[in-house]
Amino acid sequence: MAGAGSNYLNHEKGIMSWLTSRDHKRIGLLYFYTVGFFFLLGGIFAMLIRTELFSAGMQFTPELYNRFMTYHGVIMVFFVIIPGIPAILGNIIMPLQIGARDVAFPLVNLMSWYCYIAGAALGVASLFMGETVLWGIFGGADTGWTFYTPYSIKFSAANITAAFAAFVAGFSSILTGVNFVATVHKLRCPGMTMNRIPLFVWALYATAILQVLATPVVGITVALLAMENIFGIGFFDPELGGDPVLFQHFFWFYSHPAVYIMILPAMGVISELITAFSKKTIFGYTAIAYSSLAIAGVSFLVWGHHMYVSSQSEIAGLVFSILTMFVGVPTAIKLFNWLATLYKGSIQMQSPMLYALGFLFIFTIGGVTGIFLATIATDVHFHDTYFVVAHFHYVMVGGTLMAIMGGALYWFPKITGKMFNESIARMSFVFIFVGFNVTFFPQFILGAMGMPRRYADYLPAFESLNRISSLGSYVIGFGFIIALYVFINGWRKGAPAPANPWGAKTLEWTVPSPPPHENFDKIPTVTAGPYEYR
Amino acid sequence: MSTGNTHHYAHHFESAEHEYESSKQGVWIFLTSEILMFGVLFVGYMIYHHMYPEMFKYGAKALDWRLGALNTVVLLTSSLTMVLGVHYCQVNNKQKAVMNLAITIACGAIFMVVKYFEYSHKIHAGKLPGMWFTADTHGFENLPLYFSFYFMMTGLHGIHVLAGMCLILWVLIRANRGEFNENYYTPVEGVGLFWHLVDLIWIFLFPLLYLV
Amino acid sequence: MSAHHVVPLKTFLKVFWALIGLTALTVVTAKGMDLHPFNGVVAFSIASVKGFLVMAFFMHLKYDDKANRYIIISSFFFVFLLFIFVVLDLGTRIPQASTL
């Protein structure tokens with residue numbers, strides 16, 4: 001190893017050293033750039049959706065709107081939120097937190113990034129396929145991100161290409177999952193028992209299990225969809241004796257756990273942030289740790305709540321409804337433990353903590369409205385309305401994105417070795433938080449009034465609330481531009497960061513910022529739990 | 001790579017033993033996702049089999065169970081030689097290890113050749129999946145669905161056989177260079193696990209598709 | 001070293017012949033006797049026994065880390081979950097004639 005001042009960023013030079021790197025921290029940064037790019041793209045599609053819905057009547061064509069909606073969903077789900085926290089923050093931080101020099105299979109880790117790139121390339125390619133709707137070149141999928149049959153098998157090769165992009169990106173997710181499970185099982189440093197690993201690692205572990213067990217199901221399902229399109233195999237085609245609802249079963253067997261692939265790592269980040277900025281030992285470590293596993297387990301038993309009005313049987317609907325409500329239990333356990341951690345803590349309102357508190361507020365609303373949707377009697381009314389849109393944005397955007405932002409800021413000094421501008425970072429929080437609520441709270445009301453989701457147009461009666469919502473989306477967009485400025489400015493001009501700027505206790509803060517190439521000069525030995533504050 | 005009988009393990013492991021254990025577990029975790037992937041097809045098969053029992057029974061009769069049984073024996077033999085390949089790596093017998101791995105690849109090839117004859121017969125007779133089906137349905141309205149399952153399940157399995165053969169070829173070349181010994185044979189073990197899984201799936205495919 | 005457990009060759013051969021024998025058995029039960037309606041169940045049970053033998057001996061699970069056992073059992077468990085809940089839906093649907 002080179003002398004002092006050598007770290008993973010300057011250990012080797014040149015673009016090839018990055019593209020062939022097996023260092024988990026560099027691969028995490030590669031993910032950061034690519035996921036960041038797709039977040040921007042997905043965000044642009046989101047604002048185009050809101051622009052279309054700014055007024056009653058058509059601003060764009062309905063065909064164009066369908067593409068905006070589909071690509072916003074596909075990109076944000078498969079290329080941003082699912083890889084988001086595990087592949088970026090998890091990759092960089094998790095080995096540091098358990099005292100390992102790398103993840104178990106560094107080459108597999110790199111391969112997972114290339115799978116992601118291949119999937120992303122297919123996704124972008126699908127934009128130019130099918131019936132063209134803009135400038136003679138842009139076509140693309142128009143099924144919405146769920147690729148429901150029979151529509152997806154009857155029209156447009158672009159749908160299949162987009163679905164196949166999700167299939168390839170799924171491999172990236174599986175490989176990350178395999179790597180993380182093996183890493184947590186096998187690479188913990190001496191003394192780091194399973195009851196001493198930080199809660200972020202627990203959350204990633206539960207997520208990785210979901211990734212390994214659920215992703216292949218959607219993989220083969222969308223592969224069958226492609227076969228259905230090419231060969232007309234008939235698994236999901238009633239004309240040939242198949243059952244289209246079976247597609248929904250297979251799809252949601254993955255896609256419901258996928259929701260927890262999105263939110264569990266976010267919960268892990270929040271556990272870290274809350275304890276670090278309250279300067280207080282986490283309340284109920286064991287409860288939070290095992291509730292992650294409980295959520296992962298229950299998530300496999302509830303997928304039918306997406307299908308209450310799909311001709312699924314009523315008894316199955318009842319069973320799924322009851323089981324869905326069980327998700328509320330481990331989730332609430334987490335929430336109350338975080339609140340108990342805050343109680344009598346020495347709370348510091350740094351920008352990562354603001355994001356964490358924003359998470360608590362928004363996620364609670366998202367979670368509670370989930371119970372409305374789990375109840376069949378109310379769901380029949382709310383199904384496919386903006387109430388659902390608002391609910392899952394409260395969970396996925398308000399939950400996961402808040403955690404990504406909080407986590408990115410929290411570990412920014414560790415990753416880059418620089419400090420960011422605190423007051424501008426707080427400003428980004430204000431814009432994102434306020435913009436988020438302005439955008440999505442009206443959608444609850446719209447949904448309860450009966451405005452259906454996915455449509456390109458609406459009745460004039462819904463116009464004023466839609467305008468508020470659209471204006472809010474621009475505020476979020478502005479907030480993320482500020483956040484981008486915070487990152488770029490911090491990286492280029494920030495003051496050098498000390499090893500432990502927040503006074504946190506987990507292992508990643510014991511190494512210099514940025515960490516050296518092999519993380520630890522000497523593998524540490526742990527003798528106590530991760531959060532020994534007071 | 002290795003010099004003599006010591007293996008230089010990667011920097012993030014404590015020992016060669018640690019690397020071996022971790023790698024093997026990684027393969028097992030990967031295999032669970034393989035099982036889930038095939039599991040979807042099996043679940044679909046069982047559901048439709050239950051819906052159209054007579055049709056599936058008739059479809060199974062259209063396959064030649066003798067070829068299926070032959071392929072089962074071929075794959076079981078390949079599994080045996082694979083495990084012997086691992087065994088001879090463990091006891092530093094390079095020649096026998098290479099020989100057994102070669103037999104394993106040969107068995108895989110035989111399997112694929114038999115499969116080729118089965119496929120070409122079906123394609124010739126118009127017994128193709130779904131909307132490409134042109135043979136007589138003999139009154140079984142949804143008979144094409146049976147052949148969809150037949151082609152999807154054996155097709156996906158066949159892809160795995162080919163992938164497995166490539167992987168075994170890779171470890172065979174490395175074994176031939178003398179890279180494996182009692183302290184380091186992790187790739188052979190991992191590829192072996194994959195190959196046994198391919199065998200395992202065929203063990204279920206054979207009775208379900210050819211016999212019932 | 002426990003991890004590098006060298007299994008005697010004889011064990012593998014015994015398992016191999018057991019597998020061949022079970023293959024013959026499954027053919028005989030399906031083709032020779034008509035056990036309707038248990039054909040499927042019998043064939044599936046024999047396949048499960050064969051699968052167990054392959055995993056326990058050829059895949060060394062009998063001599064392996066416990067963790068690997070749980071990992072592989074979990075995968076079968078989750079396939080079972082997928083099956084049971086889909087069946088729960090399909091088995092309890094009430095067919096209705098279209099009113100159109």
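Laid out as a table, the results:
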| read-out | value |
| --- | --- |
| Single unsatisfied condition, residue B:58 versus (1) at pLDDT 90 or above; (2) of a type in the set (Phe, Trp, Tyr); (3) surrounded by fewer than 17 Cβ atoms within 10 Å (Cβ to Cβ) | (1) |
| Test: residue A:138 is in contact with a strand residue (DSSP E or B) (Cβ under 8 Å, 6 or more places away or on another chain) and of a type in the set (Phe, Trp, Tyr) | no |
| Residue match in region A:54-68 (condition: on the phi > 0 side of the Ramachandran plot, out of contact with any Cys (no Cβ under 6 Å at 6 or more places or on another chain) and either more than 14 Å from every other protein chain (Cβ to nearest Cβ) or open to solvent by less than 40 Å² (accessible area, probe 1.4 Å) (or both)) | yes |
| Residue within region A:456-478 that is out of contact with any Asp or Glu (no Cβ under 9 Å at 6 or more places or on another chain) and not in a helix (DSSP H, G or I) present | yes |
| Residue match in region C:57-69 (condition: farther than 14 Å from residue B:83 by Cα and polar (S, T, N, Q)) | yes |
| Cβ-Cβ under 8 Å pairs, at least 6 apart or on other chains, region B:136-147 side closer than 21 Å to residue B:41 by Cα, far side among the β-branched types (Val, Ile, Thr) | B:143/B:137; B:144/B:137; B:145/A:233 |
| Filter result for the condition that a residue is assigned to a helix (DSSP H, G or I) and crowded, with 23+ Cβ neighbours inside 10 Å, over A:436, A:392, A:441, A:420 | A:436 |
| Selected residue [open to solvent by 30 Å² or more (accessible area, probe 1.4 Å), under 17 Å from residue A:122 (Cα atoms) and among the aliphatic types (A, V, I, L, M)] from A:9, A:41 | A:41 |
| Any pair with Cβ under 9 angstrom, 6 or more apart, that starts in region A:158-185 at a residue that is within 23 Å of residue A:130 (Cα to Cα) and ends at one that is open to solvent by less than 20 Å² (accessible area, probe 1.4 Å) and charged (D, E, K, R) | A:158/A:67; A:160/A:228 |
| Residue satisfying all of: in region C:64-79; open to solvent by 60 Å² or more (accessible area, probe 1.4 Å) and touching a helix residue (DSSP H, G or I) at 6+ places or on another chain (Cβ under 9 Å); farthest from the other protein chains (Cβ to nearest Cβ) among these | C:69 |
| Matching helices (runs of 4 or more DSSP H) fully within chain C where at least 3 residues are in contact with an Asp or Glu (Cβ under 7 Å, 6 or more places away or on another chain) and under 20 Å from residue B:206 (Cα atoms) | none |
| Options C:82, C:53, C:90, C:61: the member that is surrounded by 12 or more Cβ atoms within 10 Å (Cβ to Cβ), among the aliphatic types (A, V, I, L, M) and touching a residue at least 12 places away in the same chain (Cβ under 8 Å) | C:53 |
| Filtered residues of region B:24-45 (kept if among the aliphatic types (A, V, I, L, M), within 7 Å of another protein chain (Cβ to nearest Cβ) and open to solvent by 10 Å² or more (accessible area, probe 1.4 Å)) | B:35, B:37 |
| Pairs, first assigned to a helix (DSSP H, G or I) in region A:296-309, second surrounded by fewer than 21 Cβ atoms within 10 Å (Cβ to Cβ) and of a type in the set (D, E, K, R), C-beta under 7 Å, six or more apart | none |
| Set A:273, A:246, A:264, A:213: member being buried (at least 24 other Cβ atoms within 10 Å of the Cβ) and within 13 Å of chain B (Cβ to nearest Cβ) | A:213 |
| Qualifying position, being more than 7 Å from chain C (Cβ to nearest Cβ) and open to solvent by 20 Å² or more (accessible area, probe 1.4 Å), among B:71, B:92 | B:92 |
| Residue list for region A:279-296, restricted to those being open to solvent by 30 Å² or more (accessible area, probe 1.4 Å) and β-branched (Val, Ile, Thr) | A:281, A:286 |
| Filtered residue count, region A:496-509, keeping only those that are assigned to a loop (DSSP other than H, G, I, E, B) and either closer than 16 Å to residue A:7 by Cα or open to solvent by less than 60 Å² (accessible area, probe 1.4 Å) (or both) | 9 |
| Region B:102-156, subset on the phi > 0 side of the Ramachandran plot and more than 9 Å from chain A (Cβ to nearest Cβ), residue least open to solvent (accessible area, probe 1.4 Å) | B:126 |
| Residues of region B:139-155 classified as part of a helix (DSSP H, G or I) and among the polar types (S, T, N, Q), total | 2 |
| Selection from region A:70-114 of residues that are within 13 Å of chain B (Cβ to nearest Cβ), open to solvent by 10 Å² or more (accessible area, probe 1.4 Å) and of a type outside the set (D, E, K, R) | A:105, A:106, A:107, A:108, A:111 |
| Which numbered condition residue B:66 fails, given (1) more than 10 Å from chain C (Cβ to nearest Cβ); (2) surrounded by fewer than 18 Cβ atoms within 10 Å (Cβ to Cβ) | (1) |
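Quick grid of which residues meet (1) over 21 Å from the mean Cα position of the chain (by Cα); (2) charged (D, E, K, R); (3) farther than 20 Å from residue A:48 by Cα:
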position: A:393; (1), (2), (3): no, no, no
position: A:411; (1), (2), (3): no, no, yes
position: A:417; (1), (2), (3): yes, no, yes
position: A:476; (1), (2), (3): no, no, no
position: A:479; (1), (2), (3): no, no, no
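The values are calculated or read from the model by the stated rules, or taken from the named source; none is laboratory data. Every value quoted in this text rests on a predicted model; they were computed, and no experiment measured them. Note that we place each Cβ from the backbone using ideal geometry, even for glycine, and neighbour counts take in every protein chain shown. The protein model used for the area step is the full one, side chains on, heavy atoms only, and it has no ligands, DNA or RNA in it. Shrake-Rupley method; radii C 1.70, N 1.55, O 1.52, S 1.80 Å.
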